[in-house]
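Participant: Sharing a structure here in structure tokens format.
The values are calculated or read from the model by the stated rules, or taken from the named source; none is laboratory data. Predicted model, so just to flag it, every value in this text is computed and none were measured. When we count neighbours, we look across all protein chains shown, and the Cβ atoms used for this are built from the backbone with ideal geometry, even at glycine.
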Amino acid sequence: MSAKILVVDDEADIRLLLATLLKNAGHAVTEAGTGADFRAQFDEDQPDVVLLDLKLPDADGLDLIQPLKRNWPGTEVIVLTGHASIDAAVSATKLGAYDFQKKPFDTKAVLLAVERALEHKRLKEEADGLRRSISNMSGGNAPVFHSPAMRQVLRHVERIAPSDVSVLITGESGTGKEVIADLIHGLSQRAKGPIIKINCAALPRDLIESELFGSMKGSFTGSTGDRDGLFRQAEGGTLMLDELSEMPIDTQSKLLRVLQEKEVRPVGGRVSFKTNCRIVAATNRKTDEAIRDGKLREDLFYRISAITIALPSLRDRRDDILPMANAFLKRYAAQAGRVLRGFTTAAGQRLRNFDWPGNVRQLQNEVQRAVLMCEGTEVDLADLSITEKTTDSLHAGLTLIEGVERSTILQMLQETGGNKLETARRLGIGRQTLYNKIKLYGIPA
């Protein structure tokens with residue numbers, strides 16, 4: 001793994017030896033011979049590792065570790081000294097040094113220390129990325145995943161993210177598929193590259209290929225110039241294909257060819273371009289049903305689902321409902337300039353017992369609404385729009401969950417005056433998903 005290494009030592013021969021050694025190992029090396037030269041480096045790019053001599057003509061190396069960590073918190077420090085002592089080693093470690101090497105040093109030991117420091121840095125960055133992504137999902141720093149199911153999902157993500165294998169994320173609308181895609185990207189080797197997302201259901205059929213693969217000037221009506229497709233925009237990063245099963249079947253066959261050949265040809269073009277991006281796809285359909293109904297090519301499914309992550313619905317992980325609700329409450333109360341202590345016992349129980357057909361997105365919207373409606377210091381039952389589930393509202397032939405979902409859609413349609421776009425937004429589901437459910441449940445349009 002190539003890295004940026006800064007060597008700080010007052011002996012030119014030592015600097016030359018270390019620089020040659022590290023460059024031969026594939027690293028980029030810069031040098032500093034004094035404490036002043038070292039401090040001047042703070043205005044430059046942050047190195048991955050600093051090899052720091054403790055005895056410099058104008059500074060004590062121990063005194064440089066703290067300002068180094070303030071300016072470059074992600075940099076690992078390996079201390080080098082010809083005056084080794086246990087006290088110096090302990091002091092350097094307490095100040096944040098990763099390792100301690102005694103002069104004259106063994107070159108193999110130094111290389112091994114550098115590689116271990118880089119691996120330690122990588123693991124820290126992955127852990128920080130995971131914490132940031134979870135924080136973004138919850139709106140705060142509190143742990144929001146109490147359920148065994150979601151903890152298992154996170155362990156799965158941690159294991160597969162560093163690889164380049166394609167991933168298929170399945171789950172109902174609103175369960176957090178896009179957040180998991182962000183998490184996979186953030187923990188991958190491609191984290192510094194872009195993550196490009198496309199909702200396959202949101203694009204007109206005649207434009208989706210030019211969006212994905214790009215197009216040449218004049219290749220179709222209205223094409224006034226060359227256009228880079230999303231594959232080329234995602235170069236070096238991740239391309240997320242949301243609602244994959246809504247992509248036209250003929251486009252799916254072209255997508256399959258791109259994945260197999262790692263080349264993309266713009267619409268109307270004669271030249272293919274190599275592509276280098278990781279594919280993360282998502283669907284809210286059951287894949288076996290989508291294949292059977294002709295909505296998803298079976299060969300594309302097998303190609304793109306090397307790893308499949310199934311996200312459970314919110315009703316199947318009720319231990320997460322109140323922690324997530326409290327995290328959303330904290331976020332939206334702060335945005336509204338309100339001081340809210342939380343939910344009353346009755347409101348918390350209502351949230352926990354509700355079946356959330358729109359999953360996390362619906363919970364988020366419900367809490368945002370409750371913050372605006374609440375007149376006290378705690379959200380109470382009267383501030384919630386959701387109602388208790390009752391068997392009276394069930395439609396003949398539907399399961400309990402389906403009946404609750406149908407009832408919720410009907411209620412929201414009434415509240416919005418039949419506005420389907422607004423209904424879908426409040427439920428936290430896509431417009432096409434709402435249309436599918438209206439048809440499925442026989443709801444008058």
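Participant: Test Lys102 against the stated conditions and say whether it is touching a strand residue (DSSP E or B) at 6+ places or on another chain (Cβ under 6 Å) and without any contact (Cβ under 8 Å) to a residue 40 or more places away in the chain.
Facilitator: On the way: touching a strand residue (DSSP E or B) at 6+ places or on another chain (Cβ under 6 Å): no; without any contact (Cβ under 8 Å) to a residue 40 or more places away in the chain: yes.
Against the criterion (touching a strand residue (DSSP E or B) at 6+ places or on another chain (Cβ under 6 Å) and without any contact (Cβ under 8 Å) to a residue 40 or more places away in the chain), Lys102 does not qualify.
Participant: Testing Gly294 on (1) within 16 Å of Cys200 (Cβ to Cβ); (2) touching a Lys or Arg at 6+ places or on another chain (Cβ under 9 Å), one condition comes back false. Which one is that?
Facilitator: Going through the list (1) within 16 Å of Cys200 (Cβ to Cβ); (2) touching a Lys or Arg at 6+ places or on another chain (Cβ under 9 Å), Gly294 breaks only (2).
Participant: Turning to a different aspect of this structure: Looking only at residues that are under 19 Å from Pro312 (Cα atoms), out of contact with any helix residue (DSSP H, G or I) (no Cβ under 7 Å at 6 or more places or on another chain) and assigned to a helix (DSSP H, G or I) in the range 360-400, which one is modelled with the highest pLDDT?
Facilitator: Within the range 360-400, the match that is modelled with the highest pLDDT is Arg361.
Participant: I'd like the full set of residues that are under 25 Å from Glu125 (Cβ atoms), surrounded by fewer than 16 Cβ atoms within 10 Å (Cβ to Cβ) and out of contact with any Gly (no Cβ under 8 Å at 6 or more places or on another chain), limited to the range 62-101.
Facilitator: Selection gives Pro67, Arg70, Asn71, Pro73, Gly74, Thr93, Lys94, Gly96.
Participant: Test Leu329 against the stated conditions and say whether it is within 30 Å of Cys374 (Cα to Cα), assigned to a helix (DSSP H, G or I) and over 19 Å from the mean Cα position of the chain (by Cα). Give the steps one after another, and end with the answer.
Facilitator: Values: within 30 Å of Cys374 (Cα to Cα): yes; assigned to a helix (DSSP H, G or I): yes; over 19 Å from the mean Cα position of the chain (by Cα): yes.
For Leu329, the condition - within 30 Å of Cys374 (Cα to Cα), assigned to a helix (DSSP H, G or I) and over 19 Å from the mean Cα position of the chain (by Cα) - is met.
Participant: If we keep just the residues of the range 128-149 that are in contact with a Pro (Cβ under 8 Å, 6 or more places away or on another chain) and at pLDDT below 90, which is nearest to Met240 (Cα to Cα)?
Facilitator: In the first step, residues of the range 128-149 are kept if they are in contact with a Pro (Cβ under 8 Å, 6 or more places away or on another chain); the result is 134, 138, 142-147, 149.
Filter again for at pLDDT below 90, leaving 134, 138, 142-147.
Details: Ile134: 19, Ser138: 21, Ala142: 27, Pro143: 26, Val144: 24, Phe145: 24, His146: 27, Ser147: 26 Å.
Among residues in the range 128-149 that are in contact with a Pro (Cβ under 8 Å, 6 or more places away or on another chain) and at pLDDT below 90, the one nearest to Met240 (Cα to Cα) is Ile134.
Participant: Just a yes or no: is a residue in the range 9-27 in contact with a Pro (Cβ under 6 Å, 6 or more places away or on another chain), surrounded by fewer than 19 Cβ atoms within 10 Å (Cβ to Cβ) and outside the structural domain of Arg190 (by TED's automatic domain parsing)?
Facilitator: Quick first cut of the range 9-27, residues in contact with a Pro (Cβ under 6 Å, 6 or more places away or on another chain) only: 10.
Those still in the list that are surrounded by fewer than 19 Cβ atoms within 10 Å (Cβ to Cβ) too: 10.
Cutting the leftovers down to outside the structural domain of Arg190 (by TED's automatic domain parsing) gives us 10.
Yes, some residue in the range 9-27 is in contact with a Pro (Cβ under 6 Å, 6 or more places away or on another chain), surrounded by fewer than 19 Cβ atoms within 10 Å (Cβ to Cβ) and outside the structural domain of Arg190 (by TED's automatic domain parsing).
Participant: Additional query: If we scan the range 307-315, do we find a residue that is in contact with a Pro (Cβ under 9 Å, 6 or more places away or on another chain) and more than 21 Å from Asp383 (Cβ to Cβ)?
Facilitator: Scanning the range 307-315 turns up at least one residue that is in contact with a Pro (Cβ under 9 Å, 6 or more places away or on another chain) and more than 21 Å from Asp383 (Cβ to Cβ).
Participant: Scan the range 39-56 and report the pairs whose first residue is under 18 Å from Val29 (Cβ atoms) and whose second residue is exposed (fewer than 12 other Cβ atoms within 10 Å of the Cβ) and of a type outside the set (Phe, Trp, Tyr), with Cβ atoms within less than 8 Å and a gap of 6+ or a chain change.
Facilitator: none
Participant: Among the helices (runs of 4 or more DSSP H) confined wholly to the range 207-319, which include 1 or more residues that are surrounded by fewer than 17 Cβ atoms within 10 Å (Cβ to Cβ) and touching a residue at least 24 places away in the same chain (Cβ under 8 Å)?
Facilitator: On the way: elements: 208-213, 230-233, 249-261, 287-292, 298-304.
Once the helices (runs of 4 or more DSSP H) in the range 207-319 are filtered for at least 1 residues that are surrounded by fewer than 17 Cβ atoms within 10 Å (Cβ to Cβ) and touching a residue at least 24 places away in the same chain (Cβ under 8 Å), what remains is 230-233, 249-261, 298-304.
Participant: Count, please, the residues in the range 34-55 that happen to be at pLDDT below 90 and either outside the structural domain of Phe105 (by TED's automatic domain parsing) or aliphatic (A, V, I, L, M) (or both).
Facilitator: 1
Participant: Being assigned by TED's automatic domain parsing to the domain that holds Asp288, closer than 23 Å to Arg232 by Cβ and in contact with a His (Cβ under 6 Å, 6 or more places away or on another chain): is that true of Ile184 here?
Facilitator: no
Participant: Of Arg292, Arg315, Arg285, Arg297, which residue is of a type outside the set (Gly, Ala, Ser) and under 17 Å from Met240 (Cβ atoms)?
Facilitator: Working: Arg292 fails: under 17 Å from Met240 (Cβ atoms); Arg315 fails: under 17 Å from Met240 (Cβ atoms); Arg297 fails: under 17 Å from Met240 (Cβ atoms).
It is Arg285.
Participant: Give Gly96, Gly35, Gly61 a once-over and let me know the one that is in contact (Cβ under 8 Å) with a residue 24 or more places away in the chain and under 29 Å from Pro162 (Cβ atoms). Quick ask: steps written out before the conclusion?
Facilitator: Values: Gly35 fails: under 29 Å from Pro162 (Cβ atoms); Gly61 fails: under 29 Å from Pro162 (Cβ atoms).
The match here is Gly96.
Participant: Going residue by residue through the range 18-38, is there one that turns out to be under 30 Å from Arg190 (Cβ atoms) and aromatic (Phe, Trp, Tyr)? Show your work before the answer.
Facilitator: Residues of the range 18-38 under 30 Å from Arg190 (Cβ atoms): 19, 21-30.
From the residues that got through so far, the ones that are aromatic (Phe, Trp, Tyr) too are none.
No: the range 18-38 contains no residue that is under 30 Å from Arg190 (Cβ atoms) and aromatic (Phe, Trp, Tyr).
Participant: Of all residues in the range 37-61, how many are aliphatic (A, V, I, L, M) and surrounded by fewer than 16 Cβ atoms within 10 Å (Cβ to Cβ)? Steps first, please.
Facilitator: Taking the range 37-61 and keeping what is aliphatic (A, V, I, L, M), we get 40, 49-52, 54, 56, 59.
Cutting the leftovers down to surrounded by fewer than 16 Cβ atoms within 10 Å (Cβ to Cβ) gives us 40.
Adding up the residues that qualify gives 1.
Participant: OK, next. Residues of the range 72-88 being within 38 Å of the chain's Cα centre (by Cα) and without any contact (Cβ under 8 Å) to a residue 24 or more places away in the chain, which ones?
Facilitator: Pro73, the sole residue that qualifies.
Participant: Separate question: Any idea how many residues of the range 332-359 are surrounded by fewer than 18 Cβ atoms within 10 Å (Cβ to Cβ), in a loop (DSSP other than H, G, I, E, B) and not hydroxyl-bearing (Ser, Thr, Tyr)?
Facilitator: 4
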